[in-house]
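A.B. asks: This is the structure, below, for whatever I ask next.
The values are calculated or read from the model by the stated rules, or taken from the named source; none is laboratory data. Quantities reported herein were computed from a predicted structural model and do not represent experimental measurements. Here Cβ is always computed from backbone atoms with ideal geometry, including for glycine, and neighbour counts include all displayed protein chains.
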């Protein structure tokens, strides 16, 4: 009887505490506290790709969702943003919070010790759950902590003029070595970055150095001016080009000129991360606002906004990316297996270290 009375007393004493316990899930409590802290910080500074549409669309969508946090966006080419971050960091300045860029840009910052790990910043279940993503969580850096890749797609980089070129004549990369194409291939200079260098590195990975040097002997029409190469293709001065993407050709396509992407070659094309490499600057000045922005960016809503604005396909499985195929961006999740996408990836630190630097040296050697 005495024991029974003690138990009743304990229930009465603890009941109010139990009733007062926060019914929210642990992640929701953390999320709400993070938003409150971010509102006190009041700001976040993000370096993003040089896209006016992306700047506008992200800025408007984020402001609508989180009105208490000012989002300052620095839209410029990845290397330019990274150089600013590195210079400020060396001077002891902490202004930028994060960087969204292309494939190879973050690794210089990583090697300089300027980046913080990312995964611990994931709060929302839809962001943390690897089942929401094609291929699960993909990290571009070797230690899989600092550079998160939220996109995976195939971009059309081989284009032809249908008025003077039959695509059936080139169904394999080996077909490009035929003498009839000597002096007729327009190529975005692989020494200057962008699609030209990315494709050049992929060719080294797939075909090897001996093949690449034979290919270089085809006496390309080299240019670092994307518009110039596109204009040459549109006017039939070259039958096809390598290294240019849909956006360079968009004005010509809208004008009804006979420009088309080359159908898939036997060897396939590389899987790109595009401008989908996310990194956080070490000791960022607005850590809570950074958490909020990252979770929003990687949410379904954020990925819909970013993917549409950039014209590049997200890895999120709940975002419809099929319409992007019309813009030359075919989402890996829509037409490839994970194994095939990984085999053809052209964005990891391992691939960049093994092929990008080496291919650039080859290009500097053969194109003088």
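A.B. asks: Go through the range 249-277 and give me each residue that's part of a strand (DSSP E or B) and either under 20 Å from the mean Cα position of the chain (by Cα) or closer than 16 Å to residue 347 by Cα (or both).
C.D. replies: 271, 272, 277
A.B. asks: Taking residue 107, is it part of a helix (DSSP H, G or I), under 30 Å from residue 199 (Cα atoms) and in contact (Cβ under 8 Å) with a residue 12 or more places away in the chain?
C.D. replies: Working: part of a helix (DSSP H, G or I): yes; under 30 Å from residue 199 (Cα atoms): yes; in contact (Cβ under 8 Å) with a residue 12 or more places away in the chain: yes.
Yes: the conditions hold for residue 107.
A.B. asks: Follow-up question, since we're still on this one. Just a yes or no: is a residue in the range 92-107 surrounded by fewer than 19 Cβ atoms within 10 Å (Cβ to Cβ) and under 19 Å from residue 349 (Cα atoms)? Step through it out loud before you land on a result.
C.D. replies: Applying the first criterion (surrounded by fewer than 19 Cβ atoms within 10 Å (Cβ to Cβ)) to the range 92-107 yields 92-95.
Subsequent filtering for residues that are under 19 Å from residue 349 (Cα atoms) retains none.
The answer is no; no qualifying residue exists.
A.B. asks: Considering only the range 158-176, state which residues are closer than 21 Å to residue 232 by Cα and either touching a residue at least 40 places away in the same chain (Cβ under 8 Å) or crowded, with 20+ Cβ neighbours inside 10 Å (or both).
C.D. replies: Listed by number, the residues that qualify are 158, 159, 160, 161, 162, 163, 164, 165, 167, 170, 176.
A.B. asks: Please work out which one of (1) touching a helix residue (DSSP H, G or I) at 6+ places or on another chain (Cβ under 7 Å); (2) within 27 Å of residue 78 (Cα to Cα) is the condition residue 199 fails and give its number.
C.D. replies: All conditions pass for residue 199, except number (1).
A.B. asks: Which of the numbered conditions does residue 114 fail, given that it passes all the others? Conditions: (1) surrounded by 22 or more Cβ atoms within 10 Å (Cβ to Cβ); (2) touching a strand residue (DSSP E or B) at 6+ places or on another chain (Cβ under 6 Å).
C.D. replies: (2)
A.B. asks: I'm trying to understand the selection: among the residues of the range 70-104, which are touching a residue at least 40 places away in the same chain (Cβ under 8 Å) and outside any strand (DSSP E or B)?
C.D. replies: The answer is 78, 79, 85, 89, 94, 95, 96, 97, 102, 103, 104.
A.B. asks: Do we find a residue being more than 30 Å from residue 43 (Cβ to Cβ) and without any contact (Cβ under 8 Å) to a residue 60 or more places away in the chain anywhere in the range 259-268?
C.D. replies: Scanning the range 259-268 turns up at least one residue that is more than 30 Å from residue 43 (Cβ to Cβ) and without any contact (Cβ under 8 Å) to a residue 60 or more places away in the chain.
A.B. asks: So in the range 309-334, with the set limited to residues that are surrounded by fewer than 16 Cβ atoms within 10 Å (Cβ to Cβ) and in contact (Cβ under 8 Å) with a residue 24 or more places away in the chain, which one is nearest to the chain's Cα centre (by Cα)?
C.D. replies: Looking at residues that are surrounded by fewer than 16 Cβ atoms within 10 Å (Cβ to Cβ) and in contact (Cβ under 8 Å) with a residue 24 or more places away in the chain, I get 317.
A.B. asks: Let me ask you something else. Tell me which of these residue 347 doesn't satisfy, since it passes every other one: (1) in a loop (DSSP other than H, G, I, E, B); (2) at pLDDT 95 or above; (3) not assigned by TED's automatic domain parsing to the domain that holds residue 106.
C.D. replies: Failed condition: (2).
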